[in-house]
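The values are calculated or read from the model by the stated rules, or taken from the named source; none is laboratory data. Everything quoted here is computed from the prediction, not taken from an experiment. Using ideal geometry, Cβ is built from the backbone for each residue, glycine included, and neighbour counts are taken over all protein chains shown.
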Amino acid sequence: MASIANRRSVMMMFSQPECIYSHRARIVLAEKDITAEIIDVDSRHHPEDLVEVNPYGVLPTLVDRELVIYDSRIIMDYLDERFPHPPLLPVDPVSRAKCRLALYRIEKDWYPLADIIIADVDADAVEQARKELTESIAAVAPILEQVPYFLNEDFTLVDASIAPILWRLEEMDIELPEQAQSVIDYANRLFERETFQASLSETEQLMR
């Protein structure tokens, strides 16, 4: 691998192929049609180039010239502001605030539960997390009966954060109840997007 110093003119993202946090950042790259080099990283063996730019070694890590960002939410916000078209947050302040609140709840409620299930360390904890995540996802069904995307007519950063979890439901052995049909329909709308398909790593393509 060439030295990072010689490749700073190309946007790069160090990404874990099966990671929900890396996946949502890749979705934003695809939605914005941003040319970036995706460097797949084994989380157990970090390459020297990653350690060189990010002492924490967390994934994903975005390198844009001299700027290094290593939190998926900050990466998503940065990309949305750096490449404003198409916008992935509403224009008006009230709708933007609602989207940010939805992102906060997803990151606080859904992502930790998904982490527990995917890690699969403690069987009891996994079963409890699976139950809570199933109920929490099913609970948003009424919201998705009103508009095609989460709280919006258009795709936003909220959808980019939800999609990786919905894509992994089968992998996490989660089956949504019949009353969550609107969530299932919503998931299919997300998965049918060309940008979503473009965001998938080879590992993720095999999950469904």
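Structure notes:
- Residue within the range 167-178 that is more than 22 Å from Asp120 (Cβ to Cβ) and in the same structural domain as Ala119 (by TED's automatic domain parsing) present: yes
- Meeting the requirement of 1 or more residues that are touching a residue at least 60 places away in the same chain (Cβ under 8 Å) and more than 22 Å from Cys99 (Cβ to Cβ), the helices (runs of 4 or more DSSP H) wholly within the range 122-208 are 194-199, 202-205.
- Odd one out for Lys108, checked against (1) in a helix (DSSP H, G or I); (2) surrounded by 13 or more Cβ atoms within 10 Å (Cβ to Cβ): (2)
Table: residues versus (1) of a type in the set (Phe, Trp, Tyr); (2) in contact with a helix residue (DSSP H, G or I) (Cβ under 6 Å, 6 or more places away or on another chain); (3) closer than 21 Å to Cys19 by Cα; (4) modelled with pLDDT of 95 or more.
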{"residue": "Ile106", "(1), (2), (3), (4)": "no, yes, yes, yes"}
{"residue": "Asp122", "(1), (2), (3), (4)": "no, no, yes, yes"}
{"residue": "Arg130", "(1), (2), (3), (4)": "no, yes, yes, yes"}
{"residue": "Ala141", "(1), (2), (3), (4)": "no, yes, no, yes"}
{"residue": "Gln146", "(1), (2), (3), (4)": "no, no, no, no"}
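- Selection from the range 175-198 of residues that are surrounded by fewer than 20 Cβ atoms within 10 Å (Cβ to Cβ) and of a type in the set (A, V, I, L, M): Leu176, Ile184, Ala198
- Residue ID - surrounded by the most Cβ atoms within 10 Å (Cβ to Cβ), chosen from residues in the range 65-81 that are charged (D, E, K, R) and modelled with pLDDT under 95: Asp71
- Tabulated pairs, the range 74-86, first assigned to a helix (DSSP H, G or I), second of a type in the set (Lys, Arg), C-beta under 8 angstrom, 6+ apart or interchain: Met76/Arg24; Leu79/Lys32; Asp80/Lys32
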